[in-house]
Amino acid sequence: MDRKNCSFESRITTTNHPLTRKLFEIMANKKTNLCVAADVTTTEELVSLADKVGPHICLLKTHIDILTNFSQDTIDKLRDLAAKHNFLLFEDRKFGDIGSTVANQYSGGAYKIVEWADLVTVHGLPGDGVIKGLVSAINGRTRGCVLVSQMSSSGALTSEEYVENCSKMAENHTYFVVGFVSQSSKSGDPRFILFTPGVRLGKTGDGLGQQYVTPRSAILERGADIIIVGRGITQASDPVAAAKEYREEAFDAYQERIKH
Ligand code: 5BU
């Protein structure tokens, strides 16, 4: 069973991870494989964006530490919107330290990420202690992580060997890892979801190292399951219309892929 030829529905039963299953269900039922990167700097903008694009997304990706006015109210509102529109919360924290430190960063500090983020991003660089550390902080909650195995930025140091080693790490920790942030994947393992950022229509870069491909290219050529789109939506004159456009392009490309 090759991941790239399988429908999201048919992949539900390939995994026991409750959040992987939930995400496949949301994608299949809502007919969307769009994740919006909500890189705005105030709670008001974040909540307003989440409510507007909510009907079109399976996931809302945050960088919670770029908010200037974060509070518990931010989280209460985000969780309400996630329930209202049926999407998951994905904090792009890119944990990358020893297990003991990431456990504290995950559960403590100002953001208490473990209390509200369904999924978080993690670098494999420290070795699998980073995963064990995060898991030690979960305390019975249903949580998962996405391993960053390859970055979208130019000159990224993520070699083929590194990507391979991230795959092995994921295979050893399937109870926590739901998939990879990557630019391409040779892995056909249907349990793992491939998330691809660096997606934008009509631009190839941002002048600061980001590199873009189109939704079709990400899904059909690079094998993405979920596209992550930030400024293509947040900086559009009409973010809702842009979200609809990316959603349609991405879901059409996915449907085309599973036909073959
Ligand atoms: P953009 O506005 O579509 O360029 O935003 C992309 C988002 O995805 C942004 O939040 C980044 O932090 C995130 N990202 C990325 O662009 N490339 C990567 O390899 C990883 C995350 Br990992």
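Every number here is computed from the coordinates shown, using simple stated rules; none is lab data. Computed from a predicted structure; not experimentally measured. Glycine gets a Cβ as well: all are built from the backbone with ideal geometry, and neighbour counts include every protein chain shown.
Please go through the residue pairs Lys61/Lys244; Lys132/Lys168; Lys52/Lys186; Lys112/Lys186; Lys30/Lys168; Lys112/Lys168 and name each one whose alpha carbons sit more than 25 Å apart in this structure.
On the way: Lys61/Lys244 17 Å; Lys132/Lys168 15 Å; Lys52/Lys186 35 Å; Lys112/Lys186 35 Å; Lys30/Lys168 31 Å; Lys112/Lys168 29 Å.
Beyond 25 Å: Lys52/Lys186; Lys112/Lys186; Lys30/Lys168; Lys112/Lys168.
How much length is gained on full extension from Lys94 to Glu25, taking 0.36 nm per residue of separation minus their Cα-Cα distance? Working shown, then result.
Numbers: separation 69, 0.36 × 69 = 24.84 nm, distance 2.53 nm.
Roughly 22.3 nm would be gained on extension.
Can you sort Tyr106, Tyr175 from fewest to most other Cβ atoms within 10 Å of each residue's own Cβ?
Numbers: Tyr106 27, Tyr175 12.
The order, fewest Cβ neighbours first, is Tyr175, Tyr106.
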Label-to-label distance, nm, for residues given as Ser7 and Leu220 (7 Å Cα→Cβ offset)
2.1 nm
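Treating only the Cβ of Lys, Arg, Asp and Glu as charged (+1, +1, -1, -1), what charge dipole size does region 112-233 show about its Cα centre? Round to the nearest 20 debye.
Working: 12 positive and 11 negative charges, 71 e Å.
Dipole size: approximately 340 debye.
Among Ile75, Ile131, Ile193, rank each residue by its count of other Cβ atoms within 10 Å, from fewest to most, as a rough exposure measure.
Sorted ascending by nearby Cβ count, the order is Ile75, Ile131, Ile193.
With an 8 Å cut-off on Cα pairs and a minimum separation of 6 or more residues, tell me the relative contact order of the chain in percent. Let's see the in-between values first.
Numbers: 495 pairs, mean separation 55.5, N = 260.
The normalised contact order for the chain reaches 21 percent.
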So how long is each side of region 61-167 along the principal axes, counting just the alpha-carbon atoms, biggest first, in Å?
42, 30, 26
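Which value, in Å³ per residue, describes the convex hull spanned by the Cα atoms of region 80-140? Show your work: numbers first, answer last.
Details: hull volume 5.1 nm³, N = 61.
Hull volume normalised by residue count: 83 Å³.
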Residue by residue, what Karplus-based ³J(HN,Hα) values in Hz, rounded to whole numbers, does region 116-130 have, using 6.51, -1.76 and 1.60 with θ = phi - 60° and x for Gly and Pro?
9, 8, 5, 10, 9, 8, 9, 8, x, 3, x, x, 6, x, 5
For Phe95, the residues 5 or more places away or on another chain with a placed amide H closer than 5 Å to its own amide H are Thr121, Val122, His123
Amide H of Val213 versus every other amide H placed in the peptide plane: which residues, excluding those fewer than 5 positions away on the same chain, fall under 5 Å?
Val199, Arg200
Apply the Karplus curve 6.51 cos²θ - 1.76 cosθ + 1.60, θ = phi - 60°, to the phi angles in region 197-204 and return the couplings in whole Hz, x for Gly and Pro.
x, x, 10, 6, 8, x, 8, 10
The set of residues whose placed amide H lies less than 5 Å from the amide H of Leu88, leaving out same-chain residues fewer than 5 positions away, is Leu59, Leu60
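Quick one: if the Förster radius is 41 Å, what FRET efficiency do Asp76 and Lys203 give, using the C-beta to C-beta distance and rounding to 0.05?
On the way: r = 35 Å, r/R0 = 0.85.
The formula returns an efficiency of 0.70 here.
Work out how much length Ala236 to Ile258 would gain on full extension: take 0.36 nm times their residue separation and subtract the Cα-Cα distance, in nm to one decimal.
Values: separation 22, 0.36 × 22 = 7.92 nm, distance 3.00 nm.
Length difference between fully extended and current span is 4.9 nm.
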Apply the Karplus parameterisation 6.51 cos²θ - 1.76 cosθ + 1.60, with θ equal to phi minus 60°, to every residue of region 155-171 and state each ³J(HN,Hα) to the nearest whole Hz, in sequence, with x for glycine and proline.
x, 3, 8, 7, 6, 4, 5, 5, 4, 4, 5, 5, 4, 5, 4, 4, 4
Over the Cα atoms of the chain, what radius of gyration and what Dmax do you get, in Å?
16.9, 48
Per 0.36 nm of contour for each residue apart, how much would the distance between Ile66 and Asn104 grow if the chain were fully extended, relative to their Cα-Cα spacing?
11.7 nm
If each Cα of region 20-95 is one equal point scatterer, what is log10 of I(q)/I(0) from the Debye formula at q = 0.16, 0.24, 0.27 Å⁻¹?
-0.53, -1.10, -1.31
Considering only DSSP beta bridges with both partners in the chain, what is the antiparallel share in %, to the nearest 5?
5 percent
